[in-house]
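Below you will find the structure I want to go over with you.
The values are calculated or read from the model by the stated rules, or taken from the named source; none is laboratory data. Please read these numbers as outputs of a predicted model, since none were measured by experiment. Cβ placement follows ideal geometry from the backbone for every residue including glycine, while neighbour counts extend to all protein chains displayed. What goes into the accessible areas is simple: the full protein's heavy atoms, side chains included, and nothing from ligands, DNA or RNA. Shrake-Rupley method; radii C 1.70, N 1.55, O 1.52, S 1.80 Å.
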Amino acid sequence: MAFGKAAGWGISSAVSGVLLVSLGLPATALVAAMASGAICLAFGVVRERAGERRFPWSAGRAVSEPRGTPSLKAVLKGLNAVLWTRVSTVLMLVMFLDGLVGGYGHALMPIAAVKLFGFTTPEWSQLVAVMGLIGAGIALAFGPLIDRFGAKRMLLITVALVAVHALLLAQTQYLWKDTLYVRSMLAVWIMMGPVTMVCMIALAMAICATTSSATQFAVYMSIANLGSSAGSKLYGSIAEGASYHEAFLLLCLLTIIMIMALAFHRHRRGDVPVVQRKAASRYTVGFGIGGAGTYWSGAIRCPKCRADMETLEVDGVEIDRCLECGGLWFDAGEMEKLKSRRIAEAVDIGDSANAAAHNRIDRYGCPRCGGHMVRMVDARQRHIWYEKCSSCHGSYLDAGEFLDLSTRTISDLLNRFRTPARD
């Protein structure tokens with residue numbers, strides 16, 4: 001992603017720089033609009049799956065593809081559960097500051113290159129093109145280093161280099177007339193952009209291992225873009241009253257603030273559960289006891305509302321979740337393996353307000369093997385009622401119950417005395 005973005009920046013900078021000088025702004029803008037339209041058209045005609053129609057009026061072939069379709073409310077609830085954790089909140093601050101530093105620098109450096117260091121527009125465009133492509137190649141090679149040493153550590157190194165670079169520019173005014181020095185410093189600045197970007201993307205993706213990961217990652221990138229706009233606005237507001245020496249010092253200060261915020265980022269592998277939707281297996285056969293008979297693993301129907309249940313893989317364990325009411329089915333032993341708050345927040349995203357009505361439905365056959373469901377009461381939190389199969393030992397919990405089961409609060413102690421005995 002970072003490589004493609006940096007390569008696109010480099011190529012478009014070179015082309016637009018030449019067009020601005022040779023044809024002027026109106027013609028350059030027209031070419032940019034035509035290029036954007038061509039890209040949009042290309043995306044529109046590309047087919048994602050075999051048999052898909054290229055245009056609404058063209059022929060296609062129907063493809064049966066089972067997929068979960070959670071409601072918007074369920075998606076937002078799942079996003080809310082992961083977005084406001086400590087690690088996510090700190091990351092949002094870091095993303096905003098990274099955008100702020102980048103936007104401020106992207107506004108400052110071209111103006112300084114032309115007005116202060118004597119670059120022409122074509123020279124600056126060519127420098128951006130060449131060093132942008134080199135930076136893209138370095139960013140591409142950074143992937144193995146991030147896997148080896150971690151995204152946070154590599155980001156700290158690159159951001160520290162950005163701070164040192166800005167401080168050097170501010171404190172070496174006597175070298176500003178040295179063409180080689182200035183060209184080298186500007187080249188380093190352009191080259192570090194893609195490297196910092198790939199570290200930020202890796203840092204954000206590391207905590208997006210949830211069913212709402214696309215929305216979560218989009219939020220992080222939007223915050224970074226918001227910071228970029230704020231950074232450009234910040235330089236525009238001080239450009240008239242501040243010297244270039246002061247402008248470079250402010251860039252250094254903003255980068256130091258970002259490093260301080262990054263120091264509060266704490267994330268270990270396993271802090272966020274890996275949750276993936278999976279296609280149901282139709283070939284694993286089991287045998288129940290007590291007259292339950294043969295059953296097949298894979299997707300099942302919700303025993304409460306009869307809607308389809310989707311199969312999720314959570315940290316290597318497969319469970320089922322109702323697409324309508326959000327109830328959860330655990331095969332034998334799965335609930336004990338996954339009973340933790342971090343996992344419950346990621347998978348138990350159904351509407352618990354409607355779970356009370358479903359909780360009264362407690363006499364039904366096992367959705368997995370058809371065996372007898374025994375009405376259970378949690379020993380520590382007696383207000384949590386669920387059902388367990390006497391044959392295959394699978395368990396069904398209504399929406400919100402698994403999260404409640406994984407979290408103990410003072411109100412749970414009070415509910416222990418208020419909840420009547422289950423008959």
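Using the Cα centre as the reference, give the magnitude of the dipole from point charges on the C-beta atoms of the chain (Lys, Arg: +1; Asp, Glu: -1; all else neutral), rounded to the nearest 20 debye.
Dipole size: approximately 580 debye.
Which of Leu203, Gln381, Ala81 sits farthest toward the positive end of the charge dipole of the chain, with +1 on the Cβ of Lys and Arg and -1 on the Cβ of Asp and Glu?
Selected residue: Gln381.
Which order, highest average first, do 95-104, 371-380, 338-347 follow once you tally other Cβ atoms within 10 Å for each residue and take the mean per peptide?
Peptide ranking by packing, descending: 95-104, 338-347, 371-380.
Taking 0.36 nm per residue of sequence separation and subtracting the Cα-Cα distance, how much length would be gained by fully extending the chain between Ala29 and Ser58, in nm to one decimal?
Length difference between fully extended and current span is 7.1 nm.
For the pairs Lys152/Lys339; Lys73/Lys337; Lys77/Lys388; Lys152/Lys177; Lys152/Lys388; Lys115/Lys152, flag any whose C-alpha to C-alpha distance is greater than 32 Å.
Lys152/Lys177; Lys152/Lys388; Lys115/Lys152
Ignoring everything but the protein chains, give the 1.4 Å probe accessible area of Thr85 in square angstrom, nearest 10.
40 Å²
Over the heavy atoms of Lys233, what accessible area does a 1.4 Å probe trace out, to the nearest 10 Å²?
Approximately 150 Å² for this residue.
With θ set to phi - 60° and the Karplus curve 6.51 cos²θ - 1.76 cosθ + 1.60, what are the ³J(HN,Hα) couplings of the range 223-236 in order, to the nearest whole Hz, using x for Gly and Pro?
Those phi angles translate into 5, 5, 5, 4, x, 5, 5, 5, x, 4, 5, 4, 5, x Hz.
Which one, Gly350, Ser340, Tyr364, is farthest towards the positive end of the dipole of the range 332-376 when Lys and Arg carry +1 and Asp and Glu -1 on their Cβ?
Among Gly350, Ser340, Tyr364, the one farthest towards the positive end of the dipole of the range 332-376 is Tyr364.
Percent relative contact order of the range 93-211, based on C-alpha pairs within less than 8 angstrom and at least six residues apart?
With pairs under 8 Å counted, the relative contact order is 39 percent.
Leaving ligands, DNA and RNA out of it, report the carbon-plus-sulfur percent of the accessible area of the chain at a 1.4 Å probe.
63 percent
Would you work out the relative contact order for the chain, in percent, from Cα pairs under 8 angstrom that are 6 or more residues apart?
17 percent
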